[in-house]
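What follows is a set of notes on a single structure, which appears directly below.
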Amino acid sequence: MFNDLSTPARLMATRRSGKPRDLGAPGPTPDQMARILHAAARVPDHGKLAPWRFVEVPANRRDAFAALLDEAYRDDRPAPSRAEVEAVRQFATQSPALVVVVSAPAHASHIPIWEQELSAGAACMNLLVAAHAEGLAGGWLTGWAAYSERVRDAFGGPGTRIAGFMFLGTPERPLDERPRPTAEQVVSVWAG
């Protein structure tokens, strides 16, 4: 069973993202979204800088988001195929809820930028776990749009980066397991 809510330990041991294209209604209620974003902000944050921002893209702005992505995509690909245009639109409109997490480091701080970026990644992970704890599912995507300056500027501006597009909703089909590394592949003991 994925996203087992019986205990916090079971949730962590069974956590599984949902594919954003497979997430449907209902999405988070306003109260659930407030709790999810509150939990997302409870991450390690050296220097108490809050080097991340959460930007909700409401349902009534998803078409505008799709138009932004279309324009940004055409910046680098002036003659996209019909399939490419449809894929860009599908990305923008999938799942009932979307939060764009922006890494917004305090460049003037003595705290290393790398640590601030790690905090933004931790905020993305907390957001996913919090969504799963609410009985929903979430998917964290990046792709070309996360690296587009035009898209970045619409959410944060220079000096920031998009850490993730966090899609939230209810799985419309059963979640599938994906290959996971074994402990032998990723765990070692330092011998000095």
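The values are calculated or read from the model by the stated rules, or taken from the named source; none is laboratory data. Just so it is clear, the structure is predicted and the values come from calculations on it, not from any experiment. In this analysis, Cβ positions are derived from the backbone assuming ideal geometry, glycine residues included, and neighbour counts consider all displayed protein chains. For accessibility, only protein heavy atoms count, side chains too; no ligands or nucleic acids. Shrake-Rupley method; radii C 1.70, N 1.55, O 1.52, S 1.80 Å.
Once phi is turned into θ = phi - 60°, what whole-Hz ³J(HN,Hα) does the Karplus curve with 6.51, -1.76 and 1.60 give for every residue of the range 44-49, x standing for Gly and Pro?
x, 8, 4, x, 6, 9
With each pseudo-label sitting 7 Å past Cα toward Cβ, what's the R82-A64 distance in nm, one decimal?
My value for the distance between the label points is 3.0 nm.
Accessible area per residue, 1.4 Å probe, Å², for the range 99-192: what's the number?
Working: 5040 Å² over 94 residues.
With all protein chains present, the range 99-192 gives 54 Å² per residue.
Helix-only estimate, please: 222 nm mean residue ellipticity of the chain, summing -39500 (n - 2.57) across DSSP H runs of length 4 or more and dividing by its residues, to the nearest 500. All intermediate terms of the calculation are to be shown ahead of the outcome.
Numbers: 7 runs with 77 residues, N = 192.
One gets -12000 deg cm²/dmol as the mean residue ellipticity at 222 nm.
For the ranges 51-59, 3-11, what's the packing order if you count other beta-carbon atoms within 10 Å of each residue, average per peptide, and put the highest first? Don't skip to the answer; put the middle values down first.
On the way: 51-59: 16.6, 3-11: 12.8.
Put in order of decreasing packing, that is 51-59, 3-11.
Skipping prolines and chain starts, which residues have an amide H placed within reach, meaning under 5 Å, of the one on L175, given they are 5 or more residues away or on another chain?
none
For the range 142-147, take each phi angle, set θ = phi - 60°, evaluate the Karplus expression 6.51 cos²θ - 1.76 cosθ + 1.60, and give the result in whole Hz per residue in order, putting x for glycine and proline.
Values, residue by residue: 10, x, 3, 5, 5, 10 Hz.
Can you tell me the length gained on complete extension of the stretch E172 to S6, counting 0.36 nm per residue apart and subtracting the Cα distance?
Numbers: separation 166, 0.36 × 166 = 59.76 nm, distance 2.19 nm.
Full-extension gain reported as 57.6 nm.
Residues with amide H under 5 Å of A97's amide H, sequence separation 5 or more or different chain, H placed in the peptide plane at 1.01 Å from N; which?
L168
State the Kirkwood hydrodynamic radius of the range 1-79 in Å, one decimal place, computed from all pairs of distinct Cα atoms.
After inverting the pairwise mean of 1/r, the radius is 16.3 Å.
For the range 19-85, with every protein chain kept in place, what is the accessible area per residue (1.4 Å probe, Å²)?
Values: 4200 Å² over 67 residues.
On a per-residue basis, the range 19-85 sits at 63 Å².
For the chain, give the percent of accessible area contributed by carbon and sulfur heavy atoms, probe 1.4 Å, rounded to a whole number.
Numbers: 6140 of 10900 Å².
Its accessible area is 56 percent carbon and sulfur atoms.
First measure r as the distance between the Cβ atoms of L49 and A183, then evaluate 1/(1 + (r/R0)^6) with R0 = 45 Å and state the FRET efficiency to the nearest 0.05.
0.85
Using a 7 Å offset from Cα along Cα-Cβ at A25, what residues in the range 42-68 end up with backbone N under 17 Å from the label point?
Only 58-63 fall inside the zone, counting backbone N under 17 Å.
Indicate the helices, whole DSSP H runs only, in the chain that combine a mean Kyte-Doolittle hydropathy of -1.0 or more with a Cα extent along their long axis of 18 angstrom or more.
Numbers: long enough: 62-76 (22 Å, -0.68); 113-133 (30 Å, 0.76).
Qualifying helices: 62-76, 113-133.
Can you tell me the FRET efficiency between H38 and A191 if r is taken as the Cβ-Cβ distance and R0 is 41 Å, rounded to the nearest 0.05?
On the way: r = 42 Å, r/R0 = 1.02.
After rounding to 0.05, the efficiency reads 0.45.
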